[in-house]
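Reviewing the structure listed below.
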Amino acid sequence: MHTEDELLKYAKELDIDCVNVSYENENKNKILYLKMRDIFGVIDFAKKKGIDTIFYEYIPFEQESFKIYEETIDYLNYNSDEYNFIKDKIEAYNDSIDEEDFDKPITLNGYCIYQGQMIGVIEID
């Protein structure tokens, strides 16, 4: 097998762009993910290839998914002594979740379509 340096050198000699990607199959959508993991990499790729549209989605944390609810405690089947021991800790934890800023997105998914293939990145903050 050729080394990455050999591959890049040969491609450059032929004026061919090489883009380092990883392959993931998520929800049956096949996306080639750029290794650089930065939306600007997708934009640069699109510009080089004459692509004029980038698709993106910001995904926030869902505050409610971090809280501990009565249903969870009931499911864990704590006895009354155990429950009394952790009750205040759970309330304090839930209060701390209420104080967090959930308006800022945690993930940015971005991609473009090149020759029928989705090329993208996932940025996680």
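Accessible area of the chain with a 1.4 Å probe: how many percent of it is carbon plus sulfur? Answer for the chain: carbon and sulfur cover 51 percent of the accessible area.
Convex hull volume of the Cα atoms of segment 55-125, normalised per residue: 111 Å³.
If R0 is 30 Å, the Cβ-Cβ spacing of T72 and L108 corresponds to a FRET efficiency of close to 0.50. Scanning residues 5 or more positions from F102 or on other chains, none has an amide H under 5 Å from its amide H, with H placed 1.01 Å from N in the peptide plane.
Here the 3J(HN,Hα) profile of segment 64-72, calculated from phi with Karplus coefficients 6.51, -1.76 and 1.60 at θ = phi - 60°, is 4, 6, 9, 7, 9, 10, 3, 4, 5 Hz, Gly and Pro shown as x.
Of Y69, A92, L108, whose Cα points farthest to the positive end of the dipole of segment 27-120 (charges on the beta-carbon: +1 Lys, Arg; -1 Asp, Glu; origin at the Cα centre)? My answer, from the dipole projection, is L108.
What the chain shows is 81 Å² of accessible area per residue, with the surface traced by a 1.4 Å probe over protein heavy atoms.
Considering every pair of different Cα atoms, what Kirkwood radius, in Å, is found for the chain?
18.5
Full extension of the chain between E99 and L7 yields a length gain of 28.0 nm, computed as 0.36 nm times the residue separation minus the alpha carbon distance.
Taken about its Cα centre, the chain carries a charge dipole of roughly 1060 debye when the Cβ of each Lys and Arg holds +1 and the Cβ of each Asp and Glu holds -1.
For segment 36-87, a Kirkwood hydrodynamic radius built from all Cα pairs, placed in the Stokes-Einstein relation at 4 °C and 1.567 mPa s, yields a translational diffusion coefficient of 83 µm²/s. Backbone geometry of segment 49-60 corresponds, through the Karplus equation with coefficients 6.51, -1.76 and 1.60 at θ = phi - 60°, to 3J(HN,Hα) couplings of 9, x, 8, 10, 9, 10, 9, 8, 8, 8, 10, x Hz, x marking Gly and Pro.
The values are calculated or read from the model by the stated rules, or taken from the named source; none is laboratory data. Computed from a prediction, not measured in an experiment: that's the story for all the values here. We place every Cβ from the backbone using ideal geometry, glycine too, and count neighbours over all the protein chains shown. Just so you know, the surface numbers come from the protein's heavy atoms only, side chains and all, with ligands and any DNA or RNA stripped out. Shrake-Rupley method; radii C 1.70, N 1.55, O 1.52, S 1.80 Å.
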